[in-house]
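For reference, the structure discussed in these notes is given below.
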Amino acid sequence: MKYCTIKFLASCLLLLASCPLFAQQTEKLYLSGTGSDHTVNWQFYCTAGRNSGKWTSIPVPSNWELQGFGKYNYGLDKDSLRGKESGMYKYEFKVPASWKTKNVQIVFEGSMTDTRVKINGTSAGPIHQGSFYRFKYSVANLLKYGEINLLEVTVDKHSANASVNGAERKGDFWIFGGIYRPVYLEAAPAQHISRVAVSGKASGTFSANVFLDGINGSSIISGQIYTLSGQKLGAPFQTSVKKGDTIARLQTNAPSPQLWSPEFPNLYQVEFSLISNGKAIHVLKQKFGFRTVDFREHDGIYVNNVKIKFKGVNRHSFWPTTGRAMNETFSIADVKLIKDMNMNAVRMSHYPPDDHFLDVCDSLGLFVLDELTGWHNYYDTQVGSKLVKEMIDKDVNHPSIVIWDNGNEGGFNFDLDHFFTDYDIQERPLIHPWAIYKGINTQHYINYDYGTYTNLHGHDVTFPTEFLHGLYDGGAGAGLDDFWELMWRTPLSAGGFIWAFADEDVVRTDKNGELDSDGDHAPDGILGPYHEKEGSYYAIKEIWCPVHMEPREITPAFNGKLRLENRYFYTNLKQCTFSYKLAAFDNPYKKATVAAKTGSIAAPDVAPGQFGYLQMQLPSGWQNYDALYVTAYDVNHHELFTWSYPLSSHDKIAAGMVNTAGSTKPTIKETDSLYQINANGIAIDFNRNSGLLVSVKNAKGIIPLTKGPVLAEGGEKTGFQKLSYHFDGDSLVVEAAFEKKANQAALKWTIYPSGWVKMNVKYWPIGEEGNLLGVSFSYPEKDVKGVTYLGNGPYRVWKNRLKGTSLNVWDKTYNNTITGQPNVEYPEFKGYYSNLYWMKLNTITQPITIICDSRDVFMRLFTPANPKKVYNTAPAFPSGDISFMNGITAIGTKSQKPDKIGTQGFPNKYFDYYKDINMALSITLYFDFSGR
């Protein structure tokens, strides 16, 4: 027994001695910090601009403008310091004495832009040109091991190469200077694996190019694939190499791998060992995923043999206080926000991102378009070929990357195209954003339903890498519903990408920390500069939800069944979860009488691309609630979206709030121009020459709601004839008469003994269409503190951005936000809100409660202020201050009017040739002027 144990231990030790576990791995020593949240101070000297001409210190990584040096520049500027602004860095460091026999490289993840490196006074290699790329130098013979070493780096903000400036510095984005990504040393054995490029296909076929350095004899390269939890997948595989070899090619077949996709981001790890004389002398590990990308001409883009519609957004690497210097926490947050909007893709506009961002896309699941820099200008072939190689060498193994972009919007050097195939073992498709290239049409900002034999009606796969421009509050979610339904139905559509993820306001350290958007250049985001969620965020979340609910009304006969479509690509809806909630709403006069009820819903078995039904088992008495909420969750129990369905009608809500009873009939007094009415202590004056409300006063004082209802369009041509009154029981009715077939059909005021006032107005639009359909009142904006209302919210809507809201009681505080401008408060206060039931205007004096007894009425709160240049993003608003609308305006984008981005952007259309009063548009409101 003792002998067997000793023999077993000896065998284990022999096995462990040759096991890759004990082989050397590449060691890494950071000279800088690891990101913008962890920096290291280096000595620094700026040659021009702020704080120039003196040695001081700067955190690395960083952009020097954000640290108080040099000059801020937007890419479209004419830079007065061009060619003069440089940064000189010094940093002392030690390396272990044990590294003396190793191959040591210094690695720069990104430096803006021309970079010269010295170690201990000697150049490490040729100047590097190009801001967004990892580059490295072999420095083993320049180092003093176990002693102090001096690193000196000179960074020129602008390049000596005109094409680099054209591609990188003349773009539509902020430009910065400095070492903005980490710097570190890598140490490997003299014989080592320098890097690998791997390809895992959906079939399980795995291949790899293993790049070698210093091979001085016959060796073996072995590989083994593991799950991330450490289990082997398939058998080990290997190949032999000989002295001087610089590359080894390996291949194997993995049995039934779990495939990578945004919905199921399954990852594996492959471990390569360099074995010499039976001993593993170096090990390199690489994460990857099994998936196949396939472009099929006149058909579409396939991933794992599934045709994909990309739901994407354009993202820059940017944060207001750190510029292009980022960190892993930012990357995780960004990917989570993108996925929360139910997107499945992100475009790296207009340059390769930090490696940690791609790591997060791999692990959380997003398709990625990785892009060589170029905006209307491109790199020359000599520099560009090096930068393509640097980009692909760094990014090639990320399964999230499914497409390469050669530049953007004319920034294409066609001579570089072949390098993408030469360097990419996976041979991913290549596109030219804004152009038609090899059967893929990526034209930007196409109009909806573009035309015969073009774009969505053409022969090429339509794949706009920018198709809705989210300037201020326009674009992005506005117009998306139309565009997406057309894209979804069109076989040749591969989806598209919204411009852009977030506003790119930069903190101006030269202007007391104010945020600068460079006018209209940077406020293009679905999110604010600090990633505040704008209204389009939630519209996109609903429109791109992979669980697509068919619109329907819930009646008392509802059987609990909702029809839906599975718009996932790989997920069966039975893998998701669903729940419901029944809610009753408080109002200004009483609390809800029933408590909310929740329950789960059985997930239906609906395959991707198919229709099915969600069957709820609602409790008895569900009709007594005001709203039904249905929530869908993904496989990780992350909320996809919550839909709200009204259960109580407007007249039911109104009946439960309005009090008409009183002990005394209203009184009325006539003057030459007024009807002066008193009801239960409330004095109300109407203009006898127009029928409009002139003034309201109660015991607490004046309520300054006046000059209404005025028609939003054609208010000056109502055809008013006269005003009269009569009693209907104890209620006083004041009614206007209008010319036959006039623009306005009816105006009727009913004043109840309680002091409540009812208004009913009927009208027709002028002509067959109108942008603004409704009525307005005046109220001094300066007196308003906020509003509490029952309706859809909390975000405002436009005619072509109605989705993303929820029915509830919302309490909003007044703000004067201009969407996309610095120092904003979201949600905005001013604007349109859909499906109004009631509102309580909270003021500095006393509140007013208004109840809407008409369906589909929009509440309008004042007129949002506009930035200096509005393009197509300043829709018309009615006169007056507070409105009740049957139809509102749509909003456009930076480059497109609303009617060019979908039918929802068309003017409101309503046709009644005979002007039948029963067909007229109608709004019924109740007013409580008691000040309660």
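The values are calculated or read from the model by the stated rules, or taken from the named source; none is laboratory data. The structure presented is a predicted model; accordingly, all values stated were derived computationally and were not measured. Every residue, glycine among them, receives a Cβ derived from its backbone with ideal geometry; neighbour counts consider all protein chains shown.
Observations, loosely collected:
- When the residues of the stretch 411-429 are filtered to those that are of a type in the set (D, E, K, R) and not in a loop (DSSP other than H, G, I, E, B), the one that is surrounded by the most Cβ atoms within 10 Å (Cβ to Cβ) is Asp417.
- Restricting the stretch 197-207 to residues that are part of a strand (DSSP E or B) and among the hydrophobic types (A, V, I, L, M, F, W, C) leaves a set whose member that is farthest from Pro255 (Cα to Cα) is Ala197.
- Listing of strands (runs of 3 or more DSSP E) fully contained in the stretch 816-864 that carry 2 or more residues being farther than 30 Å from Glu553 by Cβ: 838-843
- Selection count where residues are touching a helix residue (DSSP H, G or I) at 6+ places or on another chain (Cβ under 9 Å), more than 13 Å from Phe206 (Cβ to Cβ) and not hydrophobic (A, V, I, L, M, F, W, C), scope the stretch 251-281: 7
- Checked against the criterion of being outside the structural domain of Gly223 (by TED's automatic domain parsing) and either under 38 Å from the mean Cα position of the chain (by Cα) or closer than 30 Å to Cys545 by Cβ (or both), the candidates Glu271, Glu297 yield just one match: Glu297.
- Residue within the stretch 190-201 that is over 37 Å from the mean Cα position of the chain (by Cα), surrounded by fewer than 16 Cβ atoms within 10 Å (Cβ to Cβ), more than 30 Å from Gln67 (Cβ to Cβ) and touching a residue at least 60 places away in the same chain (Cβ under 8 Å) present: yes
- All conditions in (1) touching a residue at least 40 places away in the same chain (Cβ under 8 Å); (2) under 48 Å from the mean Cα position of the chain (by Cα) hold for Ile668, with the sole exception of (2).
- Residue in the stretch 906-929 that is within 26 Å of the chain's Cα centre (by Cα), more than 29 Å from Trp749 (Cα to Cα) and of a type outside the set (Phe, Trp, Tyr) present: no
- Contact annotation: residue pairs with Cβ atoms under 7 Å, 6 or more positions apart or on different chains, pairing a residue in the stretch 371-387 that is over 10 Å from Gly411 (Cβ atoms) with a partner that is of a type in the set (A, V, I, L, M), are Thr381/Leu416; Val383/Val164; Gly384/Leu416; Ser385/Leu416; Leu387/Leu372.
- Flag if Ile653 is in a helix (DSSP H, G or I) and either of a type in the set (A, V, I, L, M) or assigned by TED's automatic domain parsing to the domain that holds Pro794 (or both): yes
So that you can scan it fast, the table gives a plain yes or no per residue for (1) touching a residue at least 12 places away in the same chain (Cβ under 8 Å); (2) under 17 Å from Gly171 (Cβ atoms):
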| position | (1), (2) |
| --- | --- |
| Gly53 | no, no |
| Thr56 | yes, no |
| Pro59 | yes, no |
| Leu66 | yes, no |
| Phe69 | yes, no |
| Asn73 | yes, yes |
| Lys78 | no, yes |
| Leu81 | yes, no |
| Gly87 | yes, no |
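- Filtered residues of the stretch 396-410 (kept if outside any loop (DSSP other than H, G, I, E, B) and either surrounded by fewer than 18 Cβ atoms within 10 Å (Cβ to Cβ) or of a type outside the set (Asp, Glu) (or both)): Ile401, Val402, Ile403, Trp404, Asn406, Gly407, Asn408
- Unique residue being hydroxyl-bearing (Ser, Thr, Tyr) and within 13 Å of the chain's Cα centre (by Cα) when the list is Ser536, Ser493, Ser517: Ser536
- Within the stretch 208-230, being aliphatic (A, V, I, L, M), free of Cβ contacts under 8 Å to residues at least 60 places away in the same chain and either in a strand (DSSP E or B) or buried (at least 20 other Cβ atoms within 10 Å of the Cβ) (or both) holds for Ile215, Ile220, Ile221, Ile225.
Matching residues to (1) part of a loop (DSSP other than H, G, I, E, B); (2) modelled with pLDDT under 95; (3) not acidic (Asp, Glu):
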| position | (1), (2), (3) |
| --- | --- |
| Glu466 | yes, no, no |
| Leu471 | yes, no, yes |
| Gly474 | yes, no, yes |
| Gly477 | yes, no, yes |
| Ile498 | no, no, yes |
| Val507 | no, no, yes |
| Leu515 | no, no, yes |
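- Checked against the criterion of being modelled with pLDDT under 95 and within 30 Å of Glu504 (Cβ to Cβ), the stretch 150-170 contains one or more residues that satisfy it.
- Qualifying residue in the stretch 908-922 (condition: buried (at least 21 other Cβ atoms within 10 Å of the Cβ), in contact with a strand residue (DSSP E or B) (Cβ under 9 Å, 6 or more places away or on another chain) and not in a strand (DSSP E or B)): no
- Residues located in the stretch 52-83, provided they are more than 27 Å from His521 (Cα to Cα) and either among the polar types (S, T, N, Q) or touching a Lys or Arg at 6+ places or on another chain (Cβ under 7 Å) (or both): Ser52, Thr56, Ser57
- Residue in the stretch 123-132 that is assigned by TED's automatic domain parsing to the domain that holds Tyr45, touching a strand residue (DSSP E or B) at 6+ places or on another chain (Cβ under 6 Å), within 30 Å of Ser276 (Cβ to Cβ) and at pLDDT 95 or above present: yes
- Qualifying residue in the stretch 430-444 (condition: crowded, with 24+ Cβ neighbours inside 10 Å, under 29 Å from Thr34 (Cβ atoms) and not small (Gly, Ala, Ser)): no
- Scanning the stretch 611-632 for residues that are exposed (fewer than 15 other Cβ atoms within 10 Å of the Cβ) and within 30 Å of the chain's Cα centre (by Cα) turns up Phe611, Tyr613.
- Those residues of the stretch 790-836 which are among the hydrophobic types (A, V, I, L, M, F, W, C) and either surrounded by 23 or more Cβ atoms within 10 Å (Cβ to Cβ) or under 18 Å from the mean Cα position of the chain (by Cα) (or both), in sequence order: Leu790, Val797, Trp798, Leu802, Leu807, Val824, Leu836
- Output for the stretch 410-423, where each listed residue is more than 20 Å from Ile498 (Cα to Cα) and in contact with a Phe, Trp or Tyr (Cβ under 7 Å, 6 or more places away or on another chain): Phe412, Asn413, Phe420
- Among residues of the stretch 547-565, those that are out of contact with any Cys (no Cβ under 9 Å at 6 or more places or on another chain) and under 28 Å from Phe467 (Cβ atoms), counted: 6
- Total residues in the stretch 592-604, condition surrounded by fewer than 12 Cβ atoms within 10 Å (Cβ to Cβ) and more than 30 Å from the chain's Cα centre (by Cα): 3
- 3 or more residues within 16 Å of Tyr763 (Cβ to Cβ), under 48 Å from the mean Cα position of the chain (by Cα) and not acidic (Asp, Glu): qualifying strands (runs of 3 or more DSSP E) within the stretch 693-750: 706-711
- Within the option set Ser111, Ser123, being under 23 Å from His356 (Cα atoms) and either surrounded by fewer than 21 Cβ atoms within 10 Å (Cβ to Cβ) or touching a residue at least 60 places away in the same chain (Cβ under 8 Å) (or both) holds for one residue only, Ser111.
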